[in-house]
Amino acid sequence: MAPKLELAFTMRAYMSQENTLNLNAIKSGPIRIIVPMTHGFIQGSGLDAKIVPGGSDWILVCDHYIISG
């Protein structure tokens, strides 16, 4: 019998198009775009945190399709 999946936490991060950093293709790979986070939250069992400005995430784009993020 397969194990049951249980919700561990919920994360919601809001990002801004302002101040994004386009690194273009790195070493002939996909385009990497770094996008700053403005706010958000993480909630779960025994966990309740706010996301504050200052962090960022990145997106990989190959031939106009997002392949990772």
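The values are calculated or read from the model by the stated rules, or taken from the named source; none is laboratory data. From a predicted model like this one, the values you see are computed outputs, not experimental measurements. Counting neighbours? That spans all protein chains shown, and the Cβs are built from the backbone with ideal geometry, glycine included. Please note that ligands, DNA and RNA were not included when accessible areas were found on the heavy atoms of the full protein model with its side chains. Shrake-Rupley method; radii C 1.70, N 1.55, O 1.52, S 1.80 Å.
Just the number please: accessible area per residue for the chain, 1.4 Å probe, all protein chains included, in Å².
Value for the chain: 87 Å² per residue.
On the protein heavy atoms, probe 1.4 angstrom, tell me the percent of accessible surface of the chain carried by carbon and sulfur.
Carbon and sulfur together cover 57 percent of it.
Go through [x] 7.3; [y] 4.1; [z] 5.3 and flag the label whose value is the computed mean projected area of the Cα convex hull in nm² for this structure.
It is the one labelled [x].
What are the trypsin sites (Lys or Arg not before Pro) within region 1-59 that DSSP puts in a loop, where the Cβ has at most 15 other Cβ atoms within 10 Å?
Answer in residue order: 4, 27.
Does region 1-40 come out rounded, prolate or oblate, given a ≥ b ≥ c as the square roots of the eigenvalues of its C-alpha gyration tensor, rounded meaning a/c under 1.5 and, failing that, prolate meaning a/b above b/c?
Oblate, since a/c reaches 1.5 and b/c is not below a/b.
Heavy atoms only, 1.4 Å probe, whole protein assembly: order 16, 45 by accessible area, highest first.
Result, largest first: 45, 16.
How big is the accessible area of residue 47 in square angstrom, nearest 10, if you roll a 1.4 angstrom probe over the protein chains?
Here the accessible area works out near 80 Å².
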